[in-house]
1. Once label points are set 7 Å from the Cα along Cα→Cβ at both Ala57 and Ala23, what is their separation, rounded to one decimal in nm?
2. Suppose the chain between Leu31 and Lys77 were pulled fully straight at 0.36 nm per residue; how much longer would it get relative to their current alpha carbon spacing?
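Derivation of every value follows stated rules applied to the coordinates shown; laboratory data play no part. These figures come from a predicted structure and were not determined experimentally. Note that each Cβ is placed from the backbone with ideal geometry, even for glycine, and that neighbours are counted across all protein chains shown.
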Amino acid sequence: MITRIRQVSQLRSRGARLPRVPAISSVFVGLCLLAPDARAAYTDPGTGALLWQTLMAAAVGFSFYIRRFVQRLLRRKAGTRDATDGK
């Protein structure tokens with residue numbers, strides 16, 4: 001982030017023209033402002049089930065990731081190497 005700020009300041013000091021905000025973002029903001037009120041939005045009954053399934057799948061996947069991470073930490077602390085560590 002800091003290097004990007006330095007690059008921009010160097011371009012400004014040289015008098016270089018900086019890129020402008022793309023037109024697509026302006027259109028997106030305009031459409032968001034023209035969107036109907038959130039109370040008028042409709043979701044069918046299947047949407048709740050899809051959201052629930054997504055959350056549960058993320059929780060199960062995260063638990064497997066954490067379990068594997070803890071196992072690797074314990075193995076490294078014990079001094080043994082895991083076959084999936086790549087070494």
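1. Modelled inter-label distance: 3.8 nm.
2. Numbers: separation 46, 0.36 × 46 = 16.56 nm, distance 5.41 nm.
That pair, Leu31 and Lys77, stretches by 11.2 nm at full extension.
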